[in-house]
Amino acid sequence: ILTVSSDRHLYGEQQFVADEELSGNVINDAVAERNNLIEQLYGLTIEVDSAQYPSEEMQNYFLSGDARYDLVCESVDRMVTQVSENHYWSLDDLLNLEDPWWDQRSVDILSLDGTKHFFVSGDGMLTNVDHIYLTLFNKDLYDTNADVKAEFGDLYEMVENGTFTLDNFYAISRAVSVADENGDWGIDATFGNLSHAYGATIMVNGAGMGMVEKDGQGGLTVTVGTQRGIDVFQKVYDLMSNKNVTQRAELIAGQGPNPSTYGFAELEYMFVNGHGLFYNTTVSSISILKNSSAERNFEFGVLPIPKYDEAQDEYYCAVNRYQSSVLGIPTTNTDNLEATTFLMNALGYYNTHMPSGKTVMDAYYETTLKLQSVESNDDAEMLDIVFNNRIYDVYTIMPWGSYPTLGQMYGSVLTSGSNNMVSLLESKRQEIETDIQKTLDEFAKLN
């Protein structure tokens, strides 16, 4: 298996092969036990190599025909955009995609035309679920804003009652935001919402919307310009463009005690130090924050991404398309297809079913996240909501239209200073729809 390296993702190698130096780590021990069982029962031995970007590494092997790797684990954005190059086998005749260990929402969305599937996500890996977006909140900051807490009440109860909506999220964020002692809105001010340009897409996804949706007839329809699309983005734009309420990563990059290129370290610094109530981030941040803030007596809570409105049936938490991984079988793998697909199924099954009862998913989810990282039973229940309501929005990664492409439009509009989404879309609609049809035509020709 060629997988993402641990410097890009904590569980890149460990999800497939245990590290002998990490004996006693619950996830590592569960992986070792699973692999020993698979080898004893089926004679399959798992080996891994890793790379910062496995999809780029694979290009050399595709060109040479080198069958070095049987399976590739890489972020969904880099894998899906390589489909048209015919580098990965269609999985429809190789796997039963209805098996319970495959994430059924990903099965649906990862097929552009609804008939062919080249990649899967599911229980056989950890680098997929560790990058689901959620909302963290600073408990101390919320508690010290007594008037706000008195008005809106317990945030966990809001989620349970279905009232954790964009309107209420914005109202709470406005109420707690305060400029710094100089009247400035920089890294030392306090913001209701800590986010980033991509956070606009995540908030729209929270309404259960993607920028493109299947039309039920093998085609795709752009939904940004529909009335619901316009209404949802307007609320998101109002929140995300208000620089006295929302601090975005790209606006503070390079500031703070540990300057970073993209501003995410600055957001974390602000959140931990009480300069942000809500923090738009991924599941992976829970363990990171728990470890980094242990000596600071800093407590945070877990919430889903807010709903659009109370009429919405459930919460939706999007998977980070830039980090969350999928599995694909390279077409250079011609001799080990049966063994590879068997292993994929075995990983999915035994990650949730072990004779000892000690599974990889329990070690990750129930022990590492729930018991060691979150603060309370309320947080654990919120995690269940996040994991059970994850969605994928892969269409936004496709290169449809010239800059800004369809997937770049939310971020482009957010930084432009005015909500010109409708006019921007209309000016580019023809080329976008032409590119969509071209992609579907290419998809139809693939094996």
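The values are calculated or read from the model by the stated rules, or taken from the named source; none is laboratory data. Keep in mind that this is a model prediction, so the values were computed, not measured. Please note: Cβ atoms are built from the backbone with ideal geometry, for glycine as well, and neighbour counts cover all protein chains shown. Remember, those area values only see protein heavy atoms, side chains included, never the ligands or the DNA or RNA. Shrake-Rupley method; radii C 1.70, N 1.55, O 1.52, S 1.80 Å.
For every residue, the table says whether it meets (1) surrounded by fewer than 14 Cβ atoms within 10 Å (Cβ to Cβ); (2) in contact with a Lys or Arg (Cβ under 6 Å, 6 or more places away or on another chain); (3) over 27 Å from Thr439 (Cα atoms); (4) not aromatic (Phe, Trp, Tyr).
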{"residue": "Gly12", "(1), (2), (3), (4)": "no, no, yes, yes"}
{"residue": "Glu21", "(1), (2), (3), (4)": "yes, no, yes, yes"}
{"residue": "Ile27", "(1), (2), (3), (4)": "no, no, yes, yes"}
{"residue": "Gly43", "(1), (2), (3), (4)": "yes, no, yes, yes"}
{"residue": "Asp66", "(1), (2), (3), (4)": "yes, no, yes, yes"}
{"residue": "Tyr69", "(1), (2), (3), (4)": "no, no, yes, no"}
Exercise for the section: For Ala311, work out the one condition from (1) under 23 Å from Val31 (Cβ atoms); (2) of a type outside the set (Val, Ile, Thr); (3) not in a helix (DSSP H, G or I) it doesn't fulfil. Expected result: (1)
Problem - Enumeration of residues in segment 412-435 that are touching a residue at least 60 places away in the same chain (Cβ under 8 Å), assigned to a helix (DSSP H, G or I) and open to solvent by 50 Å² or more (accessible area, probe 1.4 Å) - result: Thr415, Val422, Glu426, Arg429, Glu433
Fill in the blank from the handout: Considering only strands (runs of 3 or more DSSP E) wholly within segment 177-279, the ones with at least 2 residues that are of a type in the set (Val, Ile, Thr), out of contact with any His (no Cβ under 9 Å at 6 or more places or on another chain) and open to solvent by 20 Å² or more (accessible area, probe 1.4 Å) are none
Practice task
Could you please tell me which pairs satisfy a Cβ distance under 9 Å, a separation of 6+ or placement on different chains, a first residue in segment 157-172 that is without any contact (Cβ under 8 Å) to a residue 40 or more places away in the chain and open to solvent by less than 30 Å² (accessible area, probe 1.4 Å), and a second residue that is in a loop (DSSP other than H, G, I, E, B) and not polar (S, T, N, Q)?
Solution key: Met158/Phe164
Fill in the blank from the handout: Over segment 316-356, the set of residues part of a loop (DSSP other than H, G, I, E, B) and open to solvent by less than 10 Å² (accessible area, probe 1.4 Å) is Ser324, Ile329, Asn333, Asn351
Exercise for the section: Check off (1) without any contact (Cβ under 8 Å) to a residue 60 or more places away in the chain; (2) under 16 Å from Tyr156 (Cα atoms); (3) outside any helix (DSSP H, G or I) for Glu375 and give me the number that stays unchecked. Expected result: (1)
Handout entry: Output for segment 91-131, where each listed residue is among the hydroxyl-bearing types (Ser, Thr, Tyr), surrounded by fewer than 23 Cβ atoms within 10 Å (Cβ to Cβ) and in contact with a His (Cβ under 8 Å, 6 or more places away or on another chain)
Key = Ser111
